[in-house]
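The structure appears below as structure tokens.
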Amino acid sequence: MKAIPRSCLPMDKFQQLFPPLTSRLIIFDVETTGLDARYHEIIEIGAIEIIENEETRRFHEYACPARPISKSVSDVHGLTLESLEGEQDSLTIAGRFIEWIGDTNEAYIIGHNIKFDISFLEAALKVYNRINKENLQIPRNTICTLELIKIAFRRDSSLDQACKIFEIRDLKNRKKHGAMIDAELTMKLYFCMREWKFFSDTQGIASRKIKGKKGMKSTERVLPWENGVKKQKCDVVEVVDDSDINIV
């Protein structure tokens, strides 16, 4: 039996990082006016609720910011002050999002680079709670698909890069980032990683011949994002589009 690549975990250990299949999942993404939660604010939240592998609800709202939108960020998501005119303020949609989640003790929230999204939610809720004399809290159980990528492969990977690794086809239809489409991509990435076969089936990873110190050839495992290697398809991507998750 060939050894599992050093940069991969055994399947059983990797799957221990995921909650039970019956868990309630909130997969979400935010778009913002900039990159620093101290000086910028949320302008879009998109979220999908999954219970026992079935999509049950969606949350999608925009906010009109009280400050300009960074041009570099606007180029990414395509949102402008003009397009957001008349929408609610960012504090309101942050509060509505947490109220929409409901019981935060039993929910797992999932995002790609979730620390970024949570930093903006925390900043908004801090002000929202003070103004409205409430105590809305973000769920404590968090799962970051970026961190899962790091654990699996010892490297960073943007949402786009991660989706390309697993050949998630929806990426081809996206021209701009958006909170809901990114939440959908994160959902598919999450379920793809949860069922990923590369961790237990080393035949799923290509190999190449390399020359050792004494001129002898040995085999090196090649991970799926490396140049010149044909990516292996993740079967769950096909299933996600059909019956594994019932999209409503």
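The values are calculated or read from the model by the stated rules, or taken from the named source; none is laboratory data. What you see is a predicted model; the values in this text were computed from it and never measured. Cβ placement follows ideal geometry from the backbone for every residue including glycine, while neighbour counts extend to all protein chains displayed.
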Filter result for ALA37 (outside any loop (DSSP other than H, G, I, E, B), within 20 Å of HIS112 (Cβ to Cβ) and out of contact with any Cys (no Cβ under 7 Å at 6 or more places or on another chain)) | no
Might you check whether a residue that is in a loop (DSSP other than H, G, I, E, B), among the charged types (D, E, K, R) and either exposed (fewer than 15 other Cβ atoms within 10 Å of the Cβ) or modelled with pLDDT under 50 (or both) occurs anywhere in the stretch 182-195?
-> no
Could you tell me whether LYS71 is within 27 Å of ILE149 (Cα to Cα) and either of a type in the set (Lys, Arg) or in contact with a Cys (Cβ under 8 Å, 6 or more places away or on another chain) (or both)?
-> no
If we keep only residues of the stretch 121-166 that are in a loop (DSSP other than H, G, I, E, B), within 15 Å of the chain's Cα centre (by Cα) and modelled with pLDDT under 85, then the residue farthest from VAL76 (Cα to Cα) is PHE166
Among (1) at pLDDT 95 or above; (2) assigned to a helix (DSSP H, G or I), where does SER72 come up short?
-> (1)
Within the bounds of the stretch 168-180, is there any residue that is more than 27 Å from THR33 (Cβ to Cβ), in contact with a Lys or Arg (Cβ under 8 Å, 6 or more places away or on another chain), in a loop (DSSP other than H, G, I, E, B) and modelled with pLDDT under 95?
-> yes
Kindly indicate which of ILE93, ILE26 is in a strand (DSSP E or B), modelled with pLDDT of 95 or more and either touching a helix residue (DSSP H, G or I) at 6+ places or on another chain (Cβ under 8 Å) or surrounded by 22 or more Cβ atoms within 10 Å (Cβ to Cβ) (or both).
-> ILE26
Enumeration of residues in the stretch 42-54 that are assigned to a strand (DSSP E or B) and over 16 Å from the mean Cα position of the chain (by Cα) | ILE42, ILE43, ILE51, GLU54
Given the conditions (1) under 30 Å from LEU21 (Cβ atoms); (2) within 21 Å of the chain's Cα centre (by Cα), and given that GLU99 satisfies all but one, which numbered condition is not satisfied?
-> (2)
Test result for LYS214, at pLDDT 50 or above, assigned to a loop (DSSP other than H, G, I, E, B) and in contact with a His (Cβ under 8 Å, 6 or more places away or on another chain) = no
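Does GLU85 fit the bill of being farther than 19 Å from HIS177 by Cα, touching a Cys at 6+ places or on another chain (Cβ under 9 Å) and assigned to a loop (DSSP other than H, G, I, E, B)?
yes
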Which of (1) surrounded by 16 or more Cβ atoms within 10 Å (Cβ to Cβ); (2) at pLDDT below 95 is the odd one out, the single condition SER7 does not satisfy?
-> (1)
